[in-house]
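See below for the structure under consideration.
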Amino acid sequence: MYIERQKTDIRIKKNKSKIILLIMILLCVVTFIIIFKTDILMIRGVEIYGNEHLTKEDIMPSVESTIGFNIFKVKMDSISANLLANPYIKTASVKRKLPNKLMIRISERKEAAVVPFMGTFLIIDEEGVVLKSDIQAPGLQTINGLEFSNFMEGEALHVSDQEQLTKALLLAKSMKNINEDIREIDVTNKMNMIIRFSNGLSCRIGEANNIDYKLQLLRGILADLASKGITRGVIDISHDGNPSYSPIE
């Protein structure tokens, strides 16, 4: 009697195992059909976050080839690489948002200065990356005095004197705190860089050392000259002594 009961229990367990196995196989088949044979998981839309100046229309050409494809067949790394081919995109991450959307988060490179080159203007960011070239200069500070023979959009500008560019970019960034229209930063002589303002004033600033202190001096001098109605001349804060001002003859 006991042996018969054991055999029955074993038979029941085997049947349960077969049923469970069959259910798992059916679930796998159904899952496979849903994922790969239906349009439930076909990419229908894209959500974009982090863009400030770039529009969705600027970004979509890097992504639109994925629309209509299965969300699990599309490689996220490939989409990120396509996005980073846009010089204005600094970082990009792409994630799946089930069932049928991509979620893209980017950070942008921001225009910082303009560098003249053979009749055109190269727009660069704070790291010296060339964002684009244009025949017209936008309302950005122009950096003059850099020497280079070529460039590539999306890559850092390679100049003959890299320290020259580094100091120019540092100065351009720092000058954002000066409430004046800056026309040009001349770094031809990196030991004595010159800032030229649109109103006719210029400032010899020396090297880009103690820049915060020097700009604090410059703000005070500009305010004093403005109170006296002086809009032309040369300010000199390149040395360690007292700053000076010379009118244009």
Given H placed on each backbone N at 1.01 Å, which residues far from Val129 in sequence or on other chains put an amide H within less than 5 Å of it? Leu157
HN-Hα J couplings of the stretch 181-198 from phi, Karplus 6.51/-1.76/1.60, θ = phi - 60°, integer Hz, Gly and Pro as x? 7, 8, 8, 7, 10, 9, 10, 3, 10, 5, 7, 8, 6, 10, 9, 10, 9, 5
Enumerate the amide H contacts of Arg183 below 5 Å, restricted to partners 5 or more residues apart or on another chain; note that Pro and chain-start residues carry no placed amide H. Arg196, Phe197, Ser198
Would you mind working out the accessible area per residue for the chain, using a 1.4 Å probe, and quoting it in Å²? 62
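What number does the stretch 57-171 give for Rg over Rh if you use C-alpha atoms and the Kirkwood radius?
Rg/Rh: 1.10.
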Quick check on the chain: what does the Kirkwood estimate of hydrodynamic radius come out to from the alpha carbon pairs, in Å? 23.2
Let me spell out the model: positive unit charges on the Cβ of Lys and Arg, negative unit charges on the Cβ of Asp and Glu, origin at the Cα centre of the stretch 111-249. What dipole size does that give, in debye rounded to 20? 480
Under 5 Å between amide hydrogens, which residues at least 5 positions from Thr91 or on another chain qualify, with H placed 1.01 Å from N in the peptide plane? Ser107
For the stretch 102-175 versus the stretch 49-78, the gap between their alpha-carbon centres in whole angstrom: 27
Cβ-placed point charges (K, R +1; D, E -1), dipole of the chain about Cα centre in debye, nearest 20: 2580
For the stretch 57-99, state what percent of all Cα-Cα pairs lands in each successive 5 Å bin, counting from 0 Å until the bin that includes the largest distance. 5, 22, 34, 24, 12, 4, 0
Counting helices only, and only those DSSP H runs with n ≥ 4, report the 222 nm mean residue ellipticity of the chain as the sum of -39,500 (n - 2.57) divided by its residues, in deg cm²/dmol to the nearest 500. -10500 deg cm²/dmol
About the Cα centre of the stretch 36-114, how large is the charge dipole given +1 on each Lys and Arg Cβ and -1 on each Asp and Glu Cβ? Please answer in debye to the nearest 20. 420
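I'd like the carbon and sulfur percentage of the solvent accessible area for the chain, probe radius 1.4 Å, heavy atoms only, ligands and nucleic acids excluded.
55
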Extreme residue, positive dipole direction of the chain, given options Ala172, Leu84, Asn150 (C-beta unit charges): Leu84
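Among the DSSP beta bridges whose two residues both lie in the chain, what percent are antiparallel, rounded to the nearest 5? If you can, show how the numbers build up before the last one.
On the way: 30 of 44 bridges.
Of all bridge pairs located within the chain, approximately 70 percent are antiparallel.
The values are calculated or read from the model by the stated rules, or taken from the named source; none is laboratory data. What you see is a predicted model, and the numbers here were worked out from it, not measured in a lab. Virtual Cβ from ideal backbone geometry, glycine too; neighbours counted across all protein chains shown. Protein only, heavy atoms only, side chains kept; ligands, DNA and RNA dropped before computing areas. Shrake-Rupley method; radii C 1.70, N 1.55, O 1.52, S 1.80 Å.
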